[in-house]
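Peer 1: Here it is: the structure, laid out below.
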Amino acid sequence: MLLWAGQSLALLSDAFYIMALVTMLYAATGTATAAALVPIVRVAALFTGGVLAPVALGRYPLLAVMQLAQAAQWLFLLLATALSMTDLAIAWLLVPLALSSLADGWIAPARQSLVPRLVPSSLLVRANGWLAATDQGAQLAGWAAGGALVALMGGERLLWFSLVLQGISSASAFLLREDPKGTTVATSVRGWAASIALGWKTIIASRGLRTVAVSDFVEGIAGGVWAGAIMLAFVRERLGRGEDWWGYLNAAYLVGTLAGSMLVLTWASRIERSASSVIVWSAAAAGLCTAAFGWSANPWIAASLCLVLGPPTQAMEISKRTLVQRASEAEMLPAVLSASGCVAYASFGLSVLAMGAVSDRFGAVSAYGLASVLLVCSALYSFLNRSALRL
């Protein structure tokens, strides 16, 4: 319980941190492409951290890795807060962001690798549903309050608030004294290259893991339209509203994902029996909702579509997470999750840059239209490989 509470505070801190930086860069430059540097730098660093994560996860207890990474995050956020008070160019704030995200790239695979070690296989869908609900609840609070707080307090003060939350989260991690049995993984692996390649080899050898990786890549390319800078530009240019509505739209989406987590918990046994159908139809539904969102000009309609988008997206993600956990041997799971995270980070990073350029050149409607086409393509690919997506 202490672990999940600490992680929830970390997610809340991240939401405030990102919203503050995006707002500050957008105010300084006035372009979505420049403000998109925040998610681009973050995702690039997350990708790098994910690539290097197996080196540490294969040699040290998972909890120890998490504690070190969270302490590093707090120190780098402290550096960002200090830099925001100087006369240096605002671009310098991207340096501690990159370092903090590099550390964050180690936390997700470590935490997800602990789940199947602590929970029976028959309860994995429910466990992942509860964890997803916790994560989305924390992000809901962050993005819902963040838009209003950044408008009320300004980016610099919001950074300070984020620093306090991250400090509490880091301290809570160090209150955990014992690592669960068996959290040191892949101890027989020798060499950095072998450790890094381990997850990729496992994915390539498994049809189910390959299918998930390809669909994640395509969906990651589509996901750039939901990056902070692009969505902020959409809110201002298409909807004619301010930062508060940026927060409201994110909040509506997170409410939807929270509802999706609750539905997964309610229908866990059905989802286990029909995971392939859940993945296919959820991707298709997400594509239709994204297209409708891009064409909407009314903020209330846009918020409703964000709400509707949440459940299928969450059901799809939980089904995929459970499939990866079951399809991987326990000692290989941290490396597989690190490699899977790299696929998601790389595609999303490319997408933020590309979708930002499309938004600036052709408008937000075109960017969301392109994203919807990609999501439908992912649904078709998953449909053709549905036999590999069974739990």
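Peer 1: Residue separation times 0.36 nm, minus the C-alpha to C-alpha distance between Val214 and Val373: what's the value?
Peer 2: So the extension gain works out to 55.7 nm.
Peer 1: Okay, moving on. Kindly put Glu219, Glu331, Glu156 in sequence by how many other C-beta atoms sit within 10 Å of each C-beta, fewest to most.
Peer 2: Glu156, Glu331, Glu219
Peer 1: Quick one: check the C-alpha center-to-center distance for the stretch 48-96 versus the stretch 243-260, whole angstrom.
Peer 2: Here the answer is 27 Å between Cα centres.
Peer 1: Sticking with this one: For Lys201, Lys320, what ranking results if the residue with the fewest other Cβ atoms within 10 Å of its Cβ goes first?
Peer 2: Sorted ascending by nearby Cβ count, the order is Lys201, Lys320.
Peer 1: Once every DSSP H run of n ≥ 4 in the chain is given -39500 (n - 2.57) and the sum is divided by its residues, what mean residue ellipticity at 222 nm do you get, rounded to the nearest 500 deg cm²/dmol? If you can, show how the numbers build up before the last one.
Peer 2: On the way: 16 runs with 322 residues, N = 391.
Value at 222 nm, helices only: -28500 deg cm²/dmol.
Peer 1: Give me Tyr253, Tyr26 sorted ascending by neighbouring Cβ count inside 10 Å, so fewest comes first.
Peer 2: Tyr26, Tyr253
Peer 1: Something else: Can you list the DSSP H helices in the chain whose Cα atoms extend at least 24 Å along the helix axis and whose mean Kyte-Doolittle hydropathy is 0.0 or higher? Could you put the intermediate results ahead of the total?
Peer 2: Details: long enough: 2-29 (41 Å, 1.39); 37-57 (29 Å, 1.98); 62-83 (32 Å, 1.73); 94-118 (37 Å, 0.74); 124-153 (41 Å, 0.75); 155-174 (29 Å, 0.83); 243-266 (35 Å, 0.68); 275-295 (30 Å, 1.38); 299-327 (42 Å, 0.40); 333-362 (42 Å, 1.22); 364-384 (31 Å, 1.80).
Length and hydropathy pass: 2-29, 37-57, 62-83, 94-118, 124-153, 155-174, 243-266, 275-295, 299-327, 333-362, 364-384.
Peer 1: For Ala330 and Ile301, what does the FRET efficiency come to when R0 = 51 Å and r is the distance between their Cβ atoms, rounded to the nearest 0.05? Intermediate results must be reported in sequence, preceding the final value.
Peer 2: On the way: r = 46 Å, r/R0 = 0.91.
FRET efficiency, Ala330 to Ile301: 0.65.
Peer 1: Using the Cβ atoms and a cut-off under 15 Å, what net charge is assigned to the surroundings of Asn385, where Lys and Arg are +1 and Asp and Glu are -1?
Peer 2: Overall, the nearby charge balance is +3.
Peer 1: Moving on. Roughly speaking, what % of Cα-Cα pairs in the chain are separated by over 30 Å, rounded to a whole number?
Peer 2: Considering the chain, 36 percent of its Cα-Cα pairs are separated by more than 30 Å.
Rule-based calculations on the coordinates, nothing more; no lab input. Because the structure is predicted, anything quoted here is derived from the model rather than measured. As a convention, Cβ positions derive from the backbone with ideal geometry for all residues, glycine included, and neighbour counts pool all protein chains shown.
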